[in-house]
1. With every protein chain left in place, what is the accessible area per residue of the stretch 292-352 in square angstrom, probe 1.4 Å?
2. How would CYS311, CYS173 line up by accessible area, probe 1.4 Å, largest first?
3. To the nearest 0.05, what FRET efficiency results for ILE582 and ILE380 with a Förster distance of 35 Å applied to their C-beta separation?
4. Could you provide, to the nearest whole Å², the per residue accessible area of the stretch 120-160 with probe 1.4 Å?
5. Sorting check: for 607-615, 86-94, 449-457, 5-13, which peptide has the highest mean count of neighbouring beta carbons within 10 Å, and how do the rest follow?
6. With r as the distance between the Cβ atoms of ALA549 and ALA456 and R0 = 30 Å, compute the FRET efficiency 1/(1 + (r/R0)^6) and round to 0.05.
7. Keeping all protein chains in place and using 1.4 angstrom, which order do VAL39, VAL63 fall into by accessible surface area, from largest down?
8. Using Stokes-Einstein with the Kirkwood hydrodynamic radius over Cα pairs, what translational diffusion coefficient do you get for the stretch 295-353 at 25 °C and a viscosity of 0.890 mPa s, in µm²/s rounded to a whole number?
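The values are calculated or read from the model by the stated rules, or taken from the named source; none is laboratory data. As the structure is a computational prediction, the values presented were derived from the model and not from experiment. Heads up, the Cβs are rebuilt from the backbone with ideal geometry, glycines too, and the neighbour counts pull from every protein chain shown. Side chains included, ligands, DNA and RNA excluded: accessible areas come from the protein's heavy atoms. Shrake-Rupley method; radii C 1.70, N 1.55, O 1.52, S 1.80 Å.
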Amino acid sequence: MVGVLIRMKLALQRNSMTGQRAAQVIVGGAVGLALAGAVLLLAGHRYAIESLRFDLLGAALAVWTAGWLLGPALFGGGDETLRPEHFALHALSPRALTAGLASAAFVGIAPVVTLVAFAGLVVVAAGSGPGAIAVGVLAVGLQLVFTVLSSRLVTAVLGQVMRSRTGAALAACVSAAVLAALHSGWVLEPLVRTALNTGFPSPFATSVHALPSGWGLTAVEAAGRGDWAAALAALAGLAVLGTGCLYGWAALMRRRLTTRRANGRPVGATTDRWARGPVTAVAARELRTYSRDLQRFHFVCFALGYALVFCLLPLMVGASVFLPWTGLLFALWMSAISANLYGEDGTELWGKIMIPGAARHDVRGRQLGWLLVTAPPTVILTVGMIAATGRYEQWPWPVALVPALLGGGAGVSVLVSVLRPVPLTDPHRRSGNLLDNGTDFTQVLLMLILTAATAAPAFFAVRLGPSWAGPVVGVVSGAALAWLLGRMAAARLRSTAPELLHHFRTGTRPARKGGESATTRLRAPDVSLPPLRRPDLGLQRLGLDLAPARQRLYVIVSLTLCWVPLVAQGVVPAIMLSTGEINRSWFLALHLPDGLRWPTIIAMMGLGLVLLTSGLATGLYYLVKSRSAGA
């Protein structure tokens, strides 16, 4: 059975290596091998302090293992090439099915790349004699078994837990913490630089070796100093943990195959006395959706967790400069995760098509519902954090930026939801596994850019204008953008609702003009070999399928890198200079003389804005051109 399932998985992977899937596997494999090579270099480098080699390798192995454990929660689903449900009706014992699926889990690019990275244990043991090398080889195998099986176990646990609101909140907090730590981890650079000169603190080294990801390293280190009892104990611990993960995964798999998903407890009817008109009725429905739809609830918890972790993490180096901006970051992410409101509802759009005039009421109601969910936490976080840090001199910034971001987010979210929806399974047909949420990261990135851009007038009004200009511009621009973008979204929904419904039902966009006639013409039988399919890089979805290669490259590179000069080298050091709390870290302007700091910051922000606006303009030009050709 083990051989059959391994061959089956190999066949599935071989046959799925086409189009976008092939491009993702090739790029992911190349990046993974580059990271694995970095781990090997880390293990083979000679440091002034000998303990650094083991501590750095232990930290790298811990991060690698964390990627296996939390990666499925961040990016969705995990490896489900072979689903247990496919074998539920076969005459297989649970033990045979578990052994087969566990063996097949080691087939693929990711386990091979991980094996290369874990070979760092052999590299670090090379200078300690043949006995340590033999222990290192054994530790590589056991570490790989533990990592792969523990990943399967954690993914299965999260898949079960996330079928409730408590589980959805827990999973969202884990995902948000990992992503925010990756984005704001640069603030720990002074601590890392100090540790490279003087060695890591003892608690850090102890923790790295105490984690299961460091037990293989502990075995190699013990074998190097001749402590064979400790080496064997560490290897035995890895074997026991791997076996425990296998049995735990098997138990959850039996539960998955034999337990029917609950339909949910009945919810008592409530009366919303304030929801008397069509707009307020839609807003009331949105509020219920945010609290009862696990996917929407998961997204809200993610936005809140990301904002808190991102702004609280710098406190580890004594920097509280980001705390007053916690509410604004929450509003920004709430807008980013609300870019697919109509795609999340699926074919429910049919009801709006049948009601005359429903488009305007639906768009305005969704905007009101979004504001009722987003505005209170934004204001509370902003006021609370400013009061906690005592930075009352920063009041002009949130007073101007909060209304600008809330109004801009309310407008951009509904407009992008009708312009660029992503079809999802109807809510009543979803599996309940929130790891498979269909998040489109291109759409999220687009929303972050557009929503942040709506706050630009208020930002420059505070920076360049009199004290009263910022709040006035923030309120006026927020209200104007919410009204104008909502009006555009309603008009778009009214005119293209049937096409949107077709998109949600079939997952395909309407055919291009002339495409049908061209393909249906009578033609001579084609006896030539079919051309090889080019990898699908998602260019049509981005609207770049008609753009020349140089323009495609410019749009992708400019929109990807514009954040470095605009935010990382512009906005963040500007905030530090404005607040007086300076942490030089990797900010170029803060390493220059005082007279050159602000000019450098302005130049960086200008460069970022040029990249952002030129990339957006070019991309939108070809997006409109592509949509016009396909309309």
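1. On the way: 1690 Å² over 61 residues.
With all protein chains present, the stretch 292-352 gives 28 Å² per residue.
2. Numbers: CYS311 5, CYS173 65 Å².
So, going from the largest accessible area down, we get CYS173, CYS311.
3. On the way: r = 29 Å, r/R0 = 0.82.
Efficiency, from the Cβ-Cβ distance: 0.75.
4. Working: 1320 Å² over 41 residues.
Value returned for the stretch 120-160: 32 Å² of accessible area per residue.
5. Values: 607-615: 17.7, 86-94: 10.9, 449-457: 21.1, 5-13: 15.7.
Put in order of decreasing packing, that is 449-457, 607-615, 5-13, 86-94.
6. On the way: r = 31 Å, r/R0 = 1.03.
Approximately 0.45, to the nearest 0.05.
7. Values: VAL39 15, VAL63 105 Å².
If we order VAL39, VAL63 from most to least accessible, we get VAL63, VAL39.
8. Values: Rh = 13.1 Å.
My calculation gives 187 µm²/s for D.
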